[in-house]
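First the structure, in the form of structure tokens, and then the observations on it.
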Amino acid sequence: MAGGVTQINLNPGKDMSNSDFENAVKKCYSTWSESYYDDYYSDQAAHPPVHLKLLKQLLAGEKVSTVLDAGCGPASFLRTLAKEKIELFGFDLTPEMVAEARKVLGDHGIPESHVWEGSVLSADAYRPPGYQYADLFDAALCIGVLPHIPAEKDVEVICNLRNAVKQNGLVVVEARNQLFALFTLNRYSYSFFKEELIQIDRLKLRAGERTAALMVEMEILKKRFRMDQPPIRKGKENEPGYDEVLSRTHNPFILKDQFVHNGLKDVRVLFYHYHCLPPLLSSAFPEFFQEESLAMEDPEDWRGHFMASAFLVAGRRK
């Protein structure tokens, strides 16, 4: 137990059912519906929501008239499009988020039927209740959801998004950048070195009688990183927090390839939330750190592979 919350398996295997990790995610977000927008999208957010501009530019470039937000939360992005001449739709896994999204969009005259409950892993969720025909949308977005999806189900989500749009329709997903761990020098870095680069389980199988010595060296390596950073994000009450449910990062090279190999073309990777220095150093001059980090924002700068904590992958259906 941690803070009264049962620790959730951060890396569920293939034997973990959809309901297991999705129920944990529902609980995590159940108390977040009224504050989520302020926490991540408003002027009160710790990091300015620079990806909003990127998303709007992508939509403007495609001249879309219908948009689906798969995992829309409290209409965090959709509300920013409410004054545009675009028909907006969205669904979310968490009932409290759906209720808040309906309330927010209702204030802009958008019918409640345009927001519904659903899972990004269910193909049926990508159609509003009562709509039977295919290829409804010009664009389908999935923002802030993929971190909560097991690795073996990423392609399933991508295919569902692809099938929800018309031919040449736009598909955009957002992800946390796994390669950023090469820059952060914290517990994420050690995990990336150990699991992705060194692949310690494979190496241990080959080490034989040298396994014990190998693990001693790994402990020495571990001491090179700030394992206490960043702090574990916990829930507000008795629900699990963001870091106590499945909350993965993604390799931008792999996610781009998954787009390319699953029926999408003109695929682009766009980086955002740059950090001018490793986050460990930001506390010494927070205002300068944020100012210089914002000045770096360029979605196609090669440094984004390592210095940006998030990215979008965008492509069009073949």
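Where a number appears in this text, it was derived from the coordinates with a stated rule and is not lab data. Just so it is clear, the structure is predicted and the values come from calculations on it, not from any experiment. Here Cβ is always computed from backbone atoms with ideal geometry, including for glycine, and neighbour counts include all displayed protein chains.
Worth pointing out:
- Restricting attention to the chain, close to 45% of DSSP beta bridges with both partner residues there are antiparallel.
- Dividing the mean sequence gap of close Cα pairs (under 8 Å, 6+ apart) by how many residues the chain holds gives a relative contact order of 20 percent.
- Stretchable slack from Phe306 to Val155, in nm (0.36 nm times residue separation minus alpha-carbon distance): 52.0 nm
- Computed packing ranks the peptides 206-219, 278-291 as 278-291, 206-219, most packed first, by mean other Cβ atoms within 10 Å.
- Student exercise, the chain dipole from Lys, Arg, Asp, Glu Cβ charges, in Debye to nearest 20: 820 debye
- Ranked by the mean number of other Cβ atoms within 10 Å of their residues, highest first, the peptides 143-150, 310-317, 28-35 come out as 310-317, 143-150, 28-35.
- Extension reserve of the Arg224-Ser113 stretch, reckoned as 0.36 nm per residue once the Cα distance is removed: 34.7 nm
- Taking a straight Cα-Cα cut-off under 28 Å and skipping sequence neighbours fewer than 8 places away in the same chain, the lysines within cross-link reach of Lys236 are Lys26, Lys27, Lys103.
- Alpha-carbon centroids, the stretch 268-318 and the stretch 99-128: separation in whole Å: 31 Å
- Compared with the dominant Cα axis of the chain, that is its longest principal axis, helix 286-296 is turned about 70°.
- Taking the average, over residues, of other Cβ atoms within 10 Å as the packing measure, peptides 56-62, 121-127 rank 121-127, 56-62 from highest down.
- Restricting the stretch 67-150 to trypsin sites (Lys or Arg not before Pro) in coil, as DSSP defines it, with at most 15 other Cβ within 10 Å: Lys83, Lys85
- If R0 equals 25 Å, the separation of the Cβ atoms of Arg248 and Leu294 corresponds to a calculated FRET efficiency of about 0.45.
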